[in-house]
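Working notes, beginning with the structure itself.
The values are calculated or read from the model by the stated rules, or taken from the named source; none is laboratory data. None of these values were measured; they are calculated from a predicted model. Please note: Cβ atoms are built from the backbone with ideal geometry, for glycine as well, and neighbour counts cover all protein chains shown. Surface accessibility is based on the protein's heavy atoms, side chains included, excluding ligands, DNA and RNA. Shrake-Rupley method; radii C 1.70, N 1.55, O 1.52, S 1.80 Å.
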Amino acid sequence: MKIAIVSYSFTGNNDKFAASLASELPATHIRITTQKPFAMKSIVLDMIFSRTPKVHPHPDSLQQYDLILFVAPVWMGNVASPVRAYLHALQSKRQAYGLLSISGGADGENPKLMAELLKRTGASPAIVLDQHIKDYITLDSPPTRQDTSAYKISDTDAVRLSENAIKEIKKLIAPV
Ligand SMILES: Cc1cc2nc3c(=O)[nH]c(=O)nc-3n(C[C@H](O)[C@H](O)[C@H](O)COP(=O)(O)O)c2cc1C
């Protein structure tokens, strides 16, 4: 089975997690880049106005894979906007896909992810695993949004995140 790990990251966490996951599975790791440089302002505007930024590589380049696992942050309760073009492209294909994320989690779960994926692709994801930075930070008080947004995952965190993900992926496909 040909698996692609397709990652987008604004501050590095999801790319680091994706790199560890791709080497452990193994799978091909493809990093999404945006045509225009991305800034905090772009994130907020994309989320408010439901914009889909232009990205590289072209979504059609993923046709050869049997399973596409997107690894990307959650922004304002939604999947990061650079993933949208790939989700829309899945509407016309019958490819299995999933979403894995290391998001902040300071405000609890991100309950809208499943519905968003279904709406954008027209098909249910094979897997959704949203892991939270709040569970990786040790502080005297519960981590705030500022704490989670500032946190950069370590190599050890990336391995732990991938091990958790692989346990779930193995339930889908055996052997991986
Ligand atoms: C504008 C913005 C909005 C965010 N919204 C959420 C959110 O709704 N839920 C959440 O769990 N984390 C949220 N986060 C935290 C990110 O998902 C988290 O910091 C993630 O690890 C960043 O991934 P990256 O380093 O790959 O860009 C948000 C971060 C930013 C910058």
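Pull out the extension gain between Asp140 and Val159, defined as 0.36 nm times the separation in residues minus the alpha carbon to alpha carbon distance; nm, one decimal. Intermediate results must be reported in sequence, preceding the final value.
Working: separation 19, 0.36 × 19 = 6.84 nm, distance 2.48 nm.
Once the chain is fully extended between Asp140 and Val159, it gains 4.4 nm.
Output the relative contact order of the chain, whole-number percent, from Cα pairs under 8 angstrom with separation of 6+ residues. Walk me through the numbers on the way to the answer.
Working: 300 pairs, mean separation 42.1, N = 176.
Contact order relative to length: 24 percent.
For Phe10, Phe49, Phe70, the ranking by accessible surface with the largest value first comes to Phe49, Phe10, Phe70, using a 1.4 Å probe. Can you give me the Cα centroid spacing of the stretch 35-88 and the stretch 106-153 in angstrom? One Cα centre to the other: 16 Å.
In the context of the full set of protein chains, the stretch 47-130 has a per residue accessible area of 46 Å² (1.4 Å probe). Ranked from largest to smallest solvent-accessible area, with a 1.4 Å probe on the protein heavy atoms, Ile137, Ile169, Ile48 come out as Ile48, Ile137, Ile169. Of all DSSP beta bridges confined to the stretch 3-172, the antiparallel ones make up roughly 15%. Less than 5 angstrom separates the built amide H of Ile30 from those of Ile5, Val6, Ser7, all sequence-distant by 5 or more or on a different chain. In the stretch 1-155, carbon and sulfur make up what percent of the accessible area (probe 1.4 Å)? In the stretch 1-155, the share of accessible area belonging to carbon and sulfur is 53 percent.
Of the residues Gln95, Asn110, Pro142, the one whose Cα sits farthest toward the positive end of the charge dipole of the chain, with +1 on the Cβ of Lys and Arg and -1 on the Cβ of Asp and Glu, is Gln95.
Over the stretch 99-145, what is the mean sequence separation of C-alpha contacts under 8 Å (at least six apart), divided by residue count, expressed as relative contact order in percent? Taking the mean separation of contacting Cα pairs over the length of the stretch 99-145, I get 54 percent.
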